[in-house]
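S.K.: Pasting a structure here, questions to come.
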Amino acid sequence: MLVLLTASTMAVSTANRGWQFKNRPYSGPYHPNNQQTSNRIIVGDSYHWNFGFNYTDWAIKHGPFYVNDTLVFKYDPPTPKIFPHSVYLLPNLESFTKCDLKNAKMEGNTTQGAGEGFEFVLKTPGQPHYFACGERNGFHCLNGTMKFLVTPEFQ
């Protein structure tokens, strides 16, 4: 478990190296988020918010994210055959790294992702937003896939 956690943290660190200098994948006029208006972005694209998809990789490929972009979390409500999901906003990098939900704020419960999903608007520029699934005592986060971070910036 520690190896997986360390590898996940290293992947995020390596992928974000140089971002403060605008050395970003997709930077330039052809970036998918390169618009003058805010974007409505479905987390996970067509895969939505589900176990087994790597959202850290997804966030790296879809960044940068901008102030007033809207993240849309879509997931099926729980049934006897579908594991529940939720969305928590974690307070800091340490909580994110450890998937410690004690001081996290639930942004979406297990039913809010149904249908059109629920929306989270990125408001604070330069402040990292740490998202994670909190179900199964954080297992979906601890396996390293159902968590990601974005740091919105001005366009």
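S.K.: Going by accessible area, probe 1.4 Å, with all protein chains left in place, what is the ranking of K147, K102, largest first?
M.R.: Largest to smallest exposure gives the sequence K102, K147.
S.K.: Could you report the accessible area of M106 in Å², rounded to 10, computed with a 1.4 Å probe on the protein chains as they sit in the structure?
M.R.: For M106, solvent-accessible area is about 90 Å².
S.K.: Next question, about the same structure. Give me the percent of the accessible area of region 72-140 that comes from carbon and sulfur atoms, probe 1.4 Å, all protein chains in place.
M.R.: It is 51 percent, rounded to a whole number.
S.K.: Want the number for F51 to N109: 0.36 nm per residue separation, take away the alpha-carbon distance, what's left?
M.R.: 19.3 nm
The values are calculated or read from the model by the stated rules, or taken from the named source; none is laboratory data. Bear in mind that the values here come from a model prediction, so they are computed numbers and not experimental data. With ligands, DNA and RNA removed, areas are computed over all heavy atoms of the protein, side chains included. Shrake-Rupley method; radii C 1.70, N 1.55, O 1.52, S 1.80 Å.
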